[in-house]
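Throughout, read-outs are computed from the coordinates displayed, never taken from laboratory work. Quantities reported herein were computed from a predicted structural model and do not represent experimental measurements. Because the Cβ atoms are built from the backbone with ideal geometry, glycine has one as well, and the counts that use them run over all protein chains shown.
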Amino acid sequence: MSALVTLTTDFGTRDAYVAEMKGVILDIARAAGRTLDLIDVTHDVAPHDITEGALALDAAAPFFPAGTVHLAVIDPGVGTERRGLVVRTPRAFFVGPDNGLFTPFFEGPASWEAWELREPAYRLATVSRTFHGRDVFAPAAAHLATGVMPDRFGPPVRDPRRLSWRTVRGSTGAIAGAVVHVDRFGNLVTSIRADSLDAVGATPRIRLAGRSVPLVGTYGDLERGQAGALVGSSGRLEVAVREGSAAARFKARRGTPVVVSRSSGPATKRVRRVP
């Protein structure tokens, strides 16, 4: 059976960058006598947008077979002292820069392990300071997919970088979060996960930047031009306008606050971190 390697980048497809990475991966696999399938998740992440890349991985990775290697390169710190990582979770491996890109897979219980990419044997002989995607991360992904154990790449990492997008919950059950992504339709994806909504009951009150929106089941439950909140396919609460842009309607962007509370009372100001 062929091993799977996915690619997620902000490189676009106009230039040869993605092809160069694939060439490196296939060359290493052929030398090892292995067949690999390469799957593009997306190469249209906005340039340098680590959060958008993290959310793309969060959405796609659960639907791939166990053991898939996910190679992700959104790397504005390329050539600096930032580390490279290989991460192992119960279902998958992740390879890329240690800049918060793998935040979704570090949430919850410590069901992950990580190692720094230091071993020269698992990178190209010449490493460009401006293209670690080709010279460091692609070779590591290929070696991992062809059977090299992750602890061979370097020392353990117990403090990987995480993005600051956690939600907070008040003592009355209210949840405070924020917009973490605006998709191409203008939908506002938030930091609030679906399973957090249980704490506020069946008819929560949802406020975006101080304005109330109703909770619905899907886009079709809204009238054309109407705004509403719903649980999107990524399992996160999002705010949408049917056949329109919630980002434009609410003049919202990443960081715009979102609060979900019981309809019978206001949110408390006393909060604690949600695991």
What full-extension length gain, to one decimal in nm, is calculated for ALA194 and ASP44 as 0.36 nm per residue of separation minus the Cα-Cα distance? 51.4 nm
Run the dipole for the chain about the Cα centre, Lys and Arg Cβ at +1, Asp and Glu Cβ at -1, nothing else charged, and hand back the magnitude in debye, nearest 20. 1140
Checking the a/c ratio against 1.5 first, then a/b against b/c, what shape does the Cα gyration tensor give for the stretch 3-152? rounded
Label-point separation in nm, SER2 to ARG254, each point 7 Å along Cα→Cβ: 3.3
Which shape class, rounded, prolate or oblate, goes with the chain when its Cα gyration tensor gives a ≥ b ≥ c as root eigenvalues, a/c under 1.5 marks rounded, and past that a/b bigger than b/c marks prolate? prolate
Each label sits 7 Å from Cα toward the beta-carbon; between ARG30 and GLU223 the label points are separated, in nm, by 6.2
Of LEU124, THR35, THR9, which is farthest along the charge dipole of the chain in the positive direction, counting Lys and Arg as +1 and Asp and Glu as -1 at C-beta? THR9
Loop trypsin sites (Lys or Arg not before Pro), the stretch 61-151, which have at most 14 other Cβ atoms in a 10 Å radius of their Cβ (DSSP): ARG91, ARG118, ARG129
Quickly estimate the mean residue ellipticity at 222 nm for the chain, helices only: each DSSP H run with n ≥ 4 gives -39500 (n - 2.57), and the total goes over all residues, rounded to 500. -4000 deg cm²/dmol
Testing the spin-label approximation: label points 7 Å from Cα along Cα→Cβ at ALA16 and GLU116. State their distance in nm. 3.3
Sort the following peptides by mean Cβ neighbour count (other Cβ atoms within 10 Å, averaged over residues), highest first: 13-21, 184-192. 184-192, 13-21
